[in-house]
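In what follows, a structure is listed as structure tokens, so that the remarks can point back to it.
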Amino acid sequence: MQSITSRENSYYKLAKSLQSPKGRKENGLYAIEGAKLIEEALEMRQRFHSAAFAFDKTEKHQGVIRLLEESSIPVYAMPGAMMESVCGTETPQGAFALLHAPSFDLPDDLLQLGTKTVTLDGVQDPGNVGTIMRTAQAFGAGSVVLGKGCASPLNPKVVRSCMGAIFRIPVYETDDIADLLAAL
């Protein structure tokens, strides 16, 4: 585990940049927070870039740190104040990971899959988008499609409120929800 103590560190700057849509898009990464979500992402075989833990939380999170290191995922430690400035929550849990962003391109065979599809159009509130993703997954939907004007599925608030559903249900984006709905 490598220690980071400077805000000039390139890893810290990368993690900080993911707070903005531009940073997420340019880097093809997004952040998840909390050891439980990191463990779930590991179980669901998500593509990790790295993970970081607050110095004072490394002892508490030894189990997940060991899993990350066994999977050859780079792990960093940083002061709590730096962790707080990277995380989007008021009281961070002292653990975050950077994951490679999945593709949200609508597949050609969506109509042949024969599964329930939840579509959202113009749902701007990230908490609502995440909650709907979580609910769709809980009710057995096969996918979620986000139309124009919806909050990004990689928005930190969406990721937190979906509680890992982004790992378990395919999420797609489209600019033409009306055509998709007509086809469905």
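The values are calculated or read from the model by the stated rules, or taken from the named source; none is laboratory data. If you're wondering where the values come from, they're calculated on a predicted model, not measured in any experiment. In this analysis, Cβ positions are derived from the backbone assuming ideal geometry, glycine residues included, and neighbour counts consider all displayed protein chains.
On the stretch given as the range 68-98, residues that are touching a Leu at 6+ places or on another chain (Cβ under 9 Å) and surrounded by fewer than 16 Cβ atoms within 10 Å (Cβ to Cβ) total 2.
Take the residues in the range 1-55 that are part of a loop (DSSP other than H, G, I, E, B) and among the aliphatic types (A, V, I, L, M), then tell me which one is surrounded by the most Cβ atoms within 10 Å (Cβ to Cβ). Show your work before the answer.
Restricting attention to the range 1-55, the residues satisfying the condition of being part of a loop (DSSP other than H, G, I, E, B) are 1, 4-9, 18-20, 28, 34, 44-47.
Subsequent filtering for residues that are among the aliphatic types (A, V, I, L, M) retains 1, 4, 18, 44.
Values: Met1: 13, Ile4: 19, Leu18: 25, Met44: 11.
Taking the candidates together, the pick is Leu18.
Looking only at residues of the range 151-184 that are farther than 11 Å from Arg134 by Cβ and small (Gly, Ala, Ser), we find that the one that is surrounded by the most Cβ atoms within 10 Å (Cβ to Cβ) is Ala151.
Looking across Thr89, Thr119, one residue alone is touching a Ser or Thr at 6+ places or on another chain (Cβ under 9 Å) and on the phi < 0 side of the Ramachandran plot. It is Thr119. Restricting attention to the range 153-184, the residues that are of a type in the set (Gly, Ala, Ser) and within 22 Å of Ala138 (Cα to Cα) total 3. When Phe139 is tested against the conditions (1) modelled with pLDDT of 95 or more; (2) over 19 Å from Leu29 (Cβ atoms), the lone failure is (1).
Within the range 7-57, being hydroxyl-bearing (Ser, Thr, Tyr) and without any contact (Cβ under 8 Å) to a residue 24 or more places away in the chain holds for Ser10, Ser17, Ser20.
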